[in-house]
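In what follows, a single structure is set out as C-alpha cells and then discussed.
A short reminder: the numbers here are calculations on the coordinates, not readings from a lab. In this text, all values refer to a predicted model and were calculated from it rather than measured experimentally. For neighbour counting, all protein chains shown are included, and Cβ atoms are generated from backbone atoms with ideal geometry for every residue, glycine included.
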Amino acid sequence: MQYDRVITGVAAVFAVLTATLTVVGLLVNPAVLFLALMFGASTYFMYYHLSGKMASDLYERVERRAAGGGRAGGRRNTSRGGFGAGPRENRRRTRVGQAAQQARQARQRGGRRQRTQQRQRRRRTVQQSSGPTVREAYDRLGLDAGADQTAVKEAYRERVKEVHPDTDTGSEAEFKRVKAAYETLTDD
C-alpha cells in the first residue's frame, strides 16, 4: 500500500516520456517510436498492477486451472490431488488483492468523505471521553442543569471573557476547562 504512490508517480513519468517520445518520433526520427513503445508498455503494466487487475486475473487463471479444465505440463491432469485439486473455498487474498478490493469498496461507498466522517467521529469520542461530565460542564459555566442552548452560549461567552489568558485575571488552564465544558454541552 505504501508503494502505490511511488509506482503511480513512476507510471506518470513514464506516461509523459511516452507522449514526448511519440511526438519526437513522429517529427524527427521514427526509430525513437520503438523507445516510446517500451515506455508505453511499462506504463501500462504499472497501471495494470496498481488497479489490482493483475492479481485478480492471475488468481482467476490459477482457479480455472485448479478447477480441472487446465493443462499441467502439456497433459491433462484428471486425478484429484496435486495441482488439479480444485478451487480453494477458503482462500486467503494476497495483500495486493486485499488492497485493491478495499480501494474498490471505498470508491463505491464514497471513500474519502466516509473516512473523513469516521475520523471526526473518533475525534469527538476522544474529546468526549476526556472532557467533563454534563453535570460538571453546567457547574463550570454557572448554569442550572437542563439550560437551553442559547443560555449555554451566553454563559460560555461571559465566562470566556473572564478567564481568557490575554486578560489580567485569566488562566489558560481555566480557559481550556470552560471550552471543554461548552463543547460537552453543545452539539457542534
Residues of type lysines that Lys176 reaches as a straight line, Cα spacing below 20 Å, ignoring anything fewer than 8 places off in the same chain: Lys153, Lys161
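Starting from the Kirkwood radius over alpha-carbon pairs of segment 1-64, derive D by Stokes-Einstein at 10 °C in a medium of 1.306 mPa s and give it in µm² s⁻¹. Before the final figure, lay out the partial values.
Details: Rh = 12.9 Å.
Answer from the Stokes-Einstein relation: 123 µm²/s.
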Sequence-distant aspartates and glutamates (8 or more away, or on other chains) whose Cα lies within less than 18 Å of Lys179: Glu136, Asp139, Asp144, Asp148, Glu154, Glu158, Glu162, Asp166, Asp187, Asp188
Residue by residue, what Karplus-based ³J(HN,Hα) values in Hz, rounded to whole numbers, does segment 14-26 have, using 6.51, -1.76 and 1.60 with θ = phi - 60° and x for Gly and Pro? 5, 5, 5, 4, 4, 5, 4, 5, 5, 5, 4, x, 6
7 Å from Cα along Cα→Cβ at both Ala99 and Gln149: what's the point-to-point distance in nm? 4.4 nm
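Counting only other residues whose beta carbon sits under 12 Å from that of Leu50, what net charge do I get with K and R as +1, D and E as -1?
Numbers: positive: Arg5, Lys53; negative: Asp4.
Around Leu50, the charge tally is +1.
Give me the extension gain from Glu172 to Val134: residue separation times 0.36 nm, minus the current Cα-Cα distance, reported in nm with one decimal.
Numbers: separation 38, 0.36 × 38 = 13.68 nm, distance 2.13 nm.
11.5 nm is the gain from fully extending Glu172 to Val134.
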